[in-house]
Structures are given as structure tokens and as C-alpha cells.
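Accompanying notes for the structure given below.
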Amino acid sequence: MPNQTKILNKDFLIRLDLEDVIQFITPTNSTFSNYVNHSIIDILSESDVQKFELFKKEINEKNVVLNYEIVLKDNIRCYFNGYADQTIKFIIVLFESLSDQGAFKKIMKLNSQQVNDIRSLHQNLQSHDENAYEEISKLNSELLNSRRIIEKQNAELSKYNVLLKKMSIEDSLTGCYNRRHFYDYMREKILSSQKDVEMNLVMIDFNHFKQINDQFGHDAGDRLLINFVKISRDFLEDKGEVFRLGGDEFLLLTNHQKNEDVKQLMIKINQEFFKHSMISDLAYGIVNFKVTDINNEFDLTSLIQKSDKLMYENKNHNLVTKMI
């Protein structure tokens, strides 16, 4: 609440209705302007509520009452100077006592035209306030609409970001992870954990895949790639991931710790895969490794190369076997 020094020279005019409710305060930025539509009792100190009742009684009897000392909230002292006009009362609040009460009394005796002018002025002020409120409401509405548009755009942007991320890590044909994401996945999910566990990496290549493309078309080859990923995921369940390196080359990363378990897994995948192709089967190389032994991208590349070598040995062995 402002102190006494700040309130000096900030005198103001109050208009009351019959119920002693403040209809307006002029100037509108006066100390108690926020009490408009409140009872005048709300701006008085509790000790001077009764004193105001005496002031009100005098103003009803005399029409004009001057220099009536009143204490407002926070012990702010001032002087009420009142004028009654039928249904309303005007109170001029001064923070210094009158020096010329006679002259001020003449000023207070406003004629009807002056009272009407004050009423008209108040109505104009209200009209300006309403226009300002309408403008503010309009601006708020425009701001709300702009906010909704921005939120919608942000939602669209978020959706596109998710789509872009999905596209950057997934193979567009089969839906499994791509080659680039293999390294990120290993670094972020596997190597960072540094758990003392064993895992297996399986390099896979399709035998006779070119024959399928040449004989039945590339659409048939694409369907076979898609079926392979579905079959692998079904057998892996939650124990590994599938990555497409390119063409018909894939990597399976499994949580199976025993090499024998992975061999049995690949036999099942190969058998199911062959049911769909009837021509192509799988060549694969399995490498068992400890997570704690893999420390960088060079180690990962070496791991892939090792599994790739085993896969080609498996492919050549099957070829020789069939020729024999």
C-alpha cells in the first residue's frame, strides 16, 4: 500500500449510489480505484466506519459537508467533502484540509446540469472502457487462434520429426533396422551397458536370391525379404533385433548366450523361410562375443567381418555339398 507521502496530491472523486456502493472513482488510476463496485465501507478503517455513518447522516441533512476527517485502510488519513443529489452522493477525498471552505462549498453546490455533465462524462468513460475491452477481447481471441495454429503446427512438426527419425533408422522395405542404426544401437544399447554377458551376432545371406528375382521378378524378391524379417522377429521374440545391411544381407543380434542355442534358432528360421521361398534358403555365420570385449567401432567392424567370413564359408560349403 502506498505511504502517506505518495498519496499526497492524489485527491480523488467518489460517486456512491443509494446502497453506498462506489459507482466510479476519478481519476481512474487513483489509490483506491480497484474498489469500484465495492461498498465504500471496504476502503475505510474499521475504527471509522461509524464515523462515516455520521458523515452520511449529515450529508443527507445538509446536502454539503466539508472537511470531515476520515481514516482509510492502512491508517491513511484524509478529508471527506460530500455533496448529495437525490439518488447519488459525490465525495471529494482530499489528503490536505481545506483552506477556503467557503469557496469550496460553492464549488460543491453543483447545479443539475453539472451533475448531468458528470454523469454523461462517466457514461462516456464507460463507453471507452467497453470499446477498450472489446478491442482487448478481440486481440485475446486472435492470440488464442494464433496459439492454436502454432500448437497444431508444432504437433505436425513433432509428427514429422518422429517420421524422419523412423525413416533414418529403419529399412523402408522390411521395417527392420538399417545398417547405419546397427552401430548406433550397439553403442547406445549394448556397449554403454558394459555388462559381463555373452551375445551372438549372425550374418545372413540368401542363397539363390538372384534366381528368384530373375525368374519371378523383383516384387517376389521384395516379398521374400519382408517375410524373412517377420519370421526372424517371430522366432527372436524379445531376445534380439534384426538389421538389414543391404540387398539380401542381414544381421541378427541375439541375447542368447550359448552358441548352440543360436544354431538351433537359425535352423528353425531357415526351415520356416524355405517354406515361403521353396528355392532360396539361408547362409549364415554365427559369432559369439562378450559385451565387455567390444569397446569401439573398430571392434564392431571386426565382429561383422568375422561373421561375414563364417557366413561365406557356410555358403561355399553348402554349394560344394549340393554339387557333390
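Throw me the Rg/Rh for the stretch 32-96, computed over C-alpha atoms with Kirkwood Rh, two decimals. Walk me through the numbers on the way to the answer.
Working: Rg = 11.3 Å, Rh = 12.1 Å.
On the Cα set of the stretch 32-96, Rg over Rh gives 0.94.
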Got the relative contact order for the chain handy, in percent, Cα pairs under 8 Å and 6 or more residues apart? 13
Inter-label distance, nm, simple model (7 Å from Cα along the C-beta direction), Glu53/Val21: 2.2
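Placing +1 at every Lys and Arg Cβ and -1 at every Asp and Glu Cβ, with all other atoms neutral, what dipole size does the stretch 4-110 have around its Cα centre, in debye to the nearest 20?
On the way: 13 positive and 15 negative charges, 66 e Å.
Value, rounded to 20: 320 debye.
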Once Lys and Arg get +1 and Asp and Glu get -1 on their Cβ, which of Asn29, Val287, His181 lies farthest toward the positive end of the dipole of the chain? Val287
Which value, in debye to the nearest 20, gives the size of the charge dipole of the chain about its Cα centre, when Lys and Arg are +1 and Asp and Glu are -1 at the Cβ? 320
Choose one of Tyr160, His276, His256: the residue whose Cα lies farthest towards the positive end of the charge dipole of the chain (beta-carbon charges +1 Lys, Arg; -1 Asp, Glu; about the Cα centre). His276
Run the reach check for Lys165 against aspartates and glutamates, Cα to Cα strictly under 17 Å, same-chain hits fewer than 8 apart removed. What comes back? Glu156, Asp184, Glu188
Sort 135-146, 210-221, 227-238 for me by packing, meaning the mean count of neighbouring Cβ atoms within 10 Å per residue, highest on top. 227-238, 210-221, 135-146
Taking the dipole of the stretch 4-110 about the Cα centre (Lys, Arg +1; Asp, Glu -1; charges at Cβ), the one of Ile41, Phe104, Phe52 that reaches farthest to the positive side is Phe104
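Using a simple charge model, +1 on the beta-carbon of Lys and Arg, -1 on the beta-carbon of Asp and Glu, nothing else, what dipole does the stretch 185-238 show about its Cα centre, in debye to the nearest 20? Intermediate values should be presented prior to the final figure.
Details: 7 positive and 10 negative charges, 21 e Å.
The dipole magnitude comes to about 100 debye.
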Radius, Kirkwood style, for the stretch 167-238 when every pair of distinct Cα atoms is counted (Å): 14.4
Using only DSSP helix segments of four residues or longer, with each worth -39500 (n - 2.57), what per-residue ellipticity at 222 nm results for the chain after dividing by its residue count and rounding to 500? -17000 deg cm²/dmol
Along principal axes, Cα extents of the stretch 177-323, largest first, whole Å: 47, 30, 26
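What's the ranking of 28-38, 172-182 by average number of surrounding C-beta atoms within 10 Å, highest first?
On the way: 28-38: 14.1, 172-182: 16.3.
Those peptides, ordered most packed to least, come out 172-182, 28-38.
Provide, as a two-decimal number, the C-alpha radius of gyration of the chain over 2.2 N^0.38 Å, N being how many residues it has. Before the final figure, lay out the partial values.
Numbers: Rg = 44.8 Å, N = 324, 2.2 N^0.38 = 19.8 Å.
Against the compact-globule rule of thumb, the ratio is 2.26.
Since every read-out is calculated from the coordinates, none of them should be taken as a lab result. All values reported here derive from a predicted model rather than from experimental measurement. Note that each Cβ is placed from the backbone with ideal geometry, even for glycine, and that neighbours are counted across all protein chains shown.
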